[in-house]
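Got a structure here, written out as structure tokens. Questions coming.
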Amino acid sequence: MRILTAFLATLAGALLVALATLYAMGLGLFGSHEGPGAVGRTRRPDAVVAQTLSAVDEAARGVGAQGRKQILFGDLHVHTTFSFDAFLFSLPVMGGEGAHPPADACDFARHCSALDFWSLNDHDLGLTPEHWRESAEAIRQCNAVGGGAGAPDSVAFLGWEWTQVGLTPDTHYGHKNVVLRETDPERIPARPIGAPRGELAGPGPLARGWLGLRGGSRMRDLARFLTERERTPDCPAGVSTLELPADCSETAATPADLFRKLDEWGGEALVIPHGTTWGFYTPPGSSWDKQLEGAQHDEERQTLIEVYSGHGDSEVYRDWREVVIGAQGELECPAPRADYEPTCWRAGEIIRERCAAAGETAQECEARAAEARANAVAAGVAVRQTLPGVRTQDFLDAGQCRDCREPAMNYRPRSSAQYILALGNAAEPDARGRPRRFRLGFIASSDNHFARPGTGYKQLHRRGMTESGADIDPAHPLARLFGPPPEAAAPRSRPYLPEATSFAIFETERQGSFLGTGGLVAAHAAGRDRDAIWESLSRREVYGTTGQRTLLWFDLLNAPGARGASLPMGSITPMRDEPIFQVRAVGSLAQQPGCPDHAAAALGAERLQRVCMGECYHPSDRRRLVTRIEVVRIRPQLSADDAIGSRIDDPWRSFACSPDPAGCAVSFSDPDYAGLGQDAVYYARAFEEPELAINAANLRCERDAGGRCTAVHPCGEAGADEQCLAPREPRAWSSPIFLERTS
């Protein structure tokens, strides 16, 4: 008996030691802190920067735009492995590359993509005060390498992403990047101001310990990362941001709260909405109407919107609805149209097909289809959770914009840039007594999560230059974070039961067909320094591209009181008479393979491969052709009864361009403006000759003679290394010119 007792005691002791070890591992005691990395100390050669500016000047002369401001290219939406999702993408089980900290972003922007400016925008969800301080220091070091205030080779801005996700249309406001003008410690917030935490539930310490035991050192680093986040307490409520303790997590539940806290801080910041139509996380039925009410909009800070990124295009409005919202707020599934099938409707058809295959009656199958539609509507973005054993291919092209160019997944048209610009809030008139409205300039950026700002220069390396990841082994413990457990298809839907949430509620596999290399923001700036770039952003004299460096000018030629001088894109001006506009565009420089010698010399062969993936911005002397220019006109609502679709003329004008490498220039007027009797908004799109681009065809539908999608081929179906190339027209969007009607 004593031997047995001793054995059991020894066994119990061993189990306690094992559990304690697992718990300690789950707390990150065996992992490493995710540090900021070491910024490279070599700036881009002055001669290279000068050659870039000279090429722009030469192109400007070719279309009569000489003597204008410089055009500088940047990326204002970049994540590193300080972001929780980026850390997950870095794990070996995801096919990840390991840590990509802020220092990598600096080196990539400087030597790989050769950007003139960029910003750091890690998610608030995992950005502890310690990581915030490390981010700020890395940005300061990056700028120190760039040179003096007059002509740095690259300017780095500090910022973060306010990552708000509501579960219903009424509570959803979406994601906004906050970009700060200053970087000095005494002139920046003590911590980022994030959305309330708890959107995603991670594994507990024991589960993390088990993952660390099985997954190696990077998994143990994840345990450390999660523990550091969990141990950061929430800041006390009701205290001014300047009076809060340094090491707490500060949150703002709504845009109004965010703007109020930025007011309390008092520094200069831009707040840039992005991914507005991206239905990956945006609940069906979401609309931007509520963001034009009261303090939910800040006219001084929220002056730009990201219309394109690596997650697709968010520009255009369509009048179909993903759900119908009744008078009492109830949600219903609308019937399909020729140009759109709601995902909820497709859920019903999937169940109908399964039901029929199981031998049930038509009446029973119709009842189950109706039940499936109702369950899908109630599930919001988690429709797949209501369909046991559903595959990505089963949805066909439901939920997608069929006539959009590279649209965001599960498109939400009432959050598009066109819809937002067409909104008017007559209940809150402006100083002129006219409906309040948004006046937002257009930018594009990458939204890259591998510390790679400006990835759109080449259509290579889908994994690494886009957000596409590897297929995770369904047997791996982390698989439950990204998808439901494998199960058999069933002929009946089930209600979605929101438990502890994870990425599994989202369509992570399907979204892989909508991820591209991302865009760029271009600034018409008076100089290369931080202040000049900031001023161009503040006055909206900016435009966006799908990643290429198209040169674009859009001007009002006859602004009253301008004495012959034109007004550039982004301008707001009173106007009574017929406006006359001019658009000039020059194509981007075609790329050469590999990297220029100066990039290889700065980074060395090993780091060139790891950071740049062996491919850099490497322009030739050949200009790509601009094929056409389109102009969009928007007449904002005068009352809530005005149908948004009737206020948007897209395209309002279209001009074919001759095949001239020197570019394209067109002038036009709006003879109807005086008769409109209201304000009007105009912006230009320039298109380059087609190229092959990653995921340009999205789900790659097979269509029958009637145009119906009968089968899809999601990206990666043929293997993780598939590049999913398809033709597209690279394009650039000017910021709008806003005309205010005078009598």
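From the residues Pro334, Gly209, Ala362, which one has its Cα farthest along the dipole of the chain in the positive direction, the dipole being from +1 and -1 charges on Cβ of Lys/Arg and Asp/Glu about the Cα centre?
Checked the options; the winner is Gly209.
Please report the relative contact order for the range 289-403, taking Cα pairs under 8 Å with a sequence separation of at least 6, and give it as a percent rounded to a whole number. List each step's numbers first, then the result.
Values: 117 pairs, mean separation 26.0, N = 115.
Result for the range 289-403 is 23 percent.
Quick one: the Cα spread of the range 205-294 along its three principal axes, in angstroms, biggest first?
Projected onto its principal axes, the Cα set of the range 205-294 covers 51, 38, 22 Å.
Roughly what % of DSSP beta bridges within the range 89-226 run antiparallel, to the nearest 5?
Numbers: 6 of 11 bridges.
Approximately 55 percent, going by the DSSP bridge assignments.
A further question follows. So which trypsin sites (Lys or Arg not before Pro) in the range 390-427 end up in coil per DSSP with only 15 or fewer other C-beta atoms within 10 Å? Intermediate values should be presented prior to the final figure.
Numbers: sites: Arg391, Arg402, Arg405, Arg414; in loops: Arg391, Arg402, Arg405.
Sparse-neighbourhood loop trypsin sites (Lys or Arg not before Pro): Arg391.
For the chain, what proportion of DSSP beta bridges, expressed in % and rounded to the nearest 5, is antiparallel? Please list the in-between numbers first.
Numbers: 73 of 94 bridges.
Within the chain, antiparallel bridges account for around 80 percent of the total.
Treating cross-link reach as a plain straight distance, find the aspartates and glutamates whose alpha-carbon is under 17 Å from the alpha-carbon of Lys290, omitting any fewer than eight places away in the same chain.
Asp170, Asp257, Asp298, Glu299, Glu428, Asp430, Asp641, Asp642
What are the principal axis extents of the Cα atoms in the chain, in Å, biggest first?
The Cα atoms of the chain stretch 105, 69, 53 Å along their principal axes.
Please express the shape of the range 1-110 as an equivalent ellipsoid: the semi-axes are the square roots of 5 times the eigenvalues of the C-alpha gyration tensor, given largest first in whole angstrom. Spell out each step's value before the answer.
Details: eigenvalues 726, 33, 16 Å².
So the equivalent ellipsoid measures 60, 13, 9 Å along its semi-axes.
Measure of size requested: the Rg and Dmax of the range 128-269, with Cα atoms as the atom set and Å as the unit; please supply both.
Rg then Dmax for the range 128-269, in Å: 17.6, 54.
Now for a different question. Whole number please: convex hull volume per residue of the Cα set in the range 61-114, in Å³? Mind dumping the intermediate values first?
Working: hull volume 6.7 nm³, N = 54.
Enclosed volume per residue, from the Cα hull, is 124 Å³.
Would you calculate the convex hull of the Cα atoms in the range 654-743 and tell me its volume per residue in Å³?
Numbers: hull volume 17.9 nm³, N = 90.
Considering the Cα atoms of the range 654-743, their hull volume per residue is 199 Å³.
Turning to a different aspect of this structure: Tell me which aspartates and glutamates have Cα within less than 18 Å of Lys69's Cα, excluding those fewer than 8 residues away on the same chain?
Asp57, Glu58, Asp116, Asp153, Asp529, Asp531, Glu535, Glu541, Asp555
Semi-axes of the equivalent ellipsoid of the range 374-468: what are they in whole Å, largest first, if each equals the square root of 5 times a C-alpha gyration tensor eigenvalue?
Working: eigenvalues 213, 127, 27 Å².
After scaling each eigenvalue by five and taking roots: 33, 25, 12 Å.
Work out the length of the dipole vector of the range 606-729 about its Cα centre, built from +1 on the beta-carbon of each Lys and Arg and -1 on the beta-carbon of each Asp and Glu, and round it to the nearest 20 debye.
Values: 15 positive and 21 negative charges, 28 e Å.
So the dipole magnitude of the range 606-729 works out to roughly 140 debye.
Using DSSP to define loop residues, name the trypsin sites (Lys or Arg not before Pro) in the range 190-264 whose beta-carbon has at most 13 other beta-carbon atoms within 10 Å. Don't skip to the end; give the middle numbers.
Details: sites: Arg197, Arg208, Arg214, Arg218, Arg220, Arg224, Arg229, Arg231, Arg260, Lys261; in loops: Arg197, Arg231.
Answer by residue number: Arg231.
Magnitude of the Cβ-charge dipole of the chain, K/R +1 and D/E -1, about the Cα centre, nearest 20 debye?
Numbers: 78 positive and 97 negative charges, 126 e Å.
Roughly 600 debye, rounded to the nearest 20.
Under DSSP H, which helices of the chain have Cα atoms covering 18 Å or more of the helix axis and a Kyte-Doolittle average no less than -0.5?
Working: long enough: 2-26 (35 Å, 1.76); 46-62 (24 Å, 0.29); 129-146 (26 Å, -0.93); 217-230 (20 Å, -1.14); 343-357 (21 Å, -0.21); 362-379 (25 Å, -0.20).
The qualifying helices are 2-26, 46-62, 343-357, 362-379.
Sticking with this structure for a sec: Among the lysines, select those whose C-alpha is under 19 Å from the C-alpha of Lys261, and discard any that sit fewer than 8 residues away in the same chain.
Counting by Cα, and skipping residues close in sequence, Lys261 has these lysines nearby: Lys176.
Taking the Cα centre of the chain as the origin and placing charges on Cβ (Lys, Arg +1; Asp, Glu -1), which of Leu29, Gly98, Gly348 is farthest toward the positive end of the dipole?
About the Cα centre, the residue reaching furthest to the positive side is Gly98.
Magnitude of the Cβ-charge dipole of the range 322-396, K/R +1 and D/E -1, about the Cα centre, nearest 20 debye? Can you show the working numbers first?
On the way: 8 positive and 12 negative charges, 46 e Å.
Here the range 322-396 has a charge dipole of around 220 debye.
Tell me the Rg and the Dmax, in Å, that the Cα atoms of the range 522-625 produce.
19.0, 61
Let me ask something else about it. Quick check on the chain: helices-only [θ] at 222 nm, where DSSP H runs of length 4 and up contribute -39,500 (n - 2.57) each and the sum goes over total residues. Nearest 500, please.
Working: 17 runs with 188 residues, N = 743.
Helices in the chain give a 222 nm mean residue ellipticity of -7500 deg cm²/dmol.
No lab work stands behind these numbers, since they all come straight from the coordinates. These numbers were taken from a predicted model, which means no experiment stands behind them. Note that each Cβ is placed from the backbone with ideal geometry, even for glycine, and that neighbours are counted across all protein chains shown.
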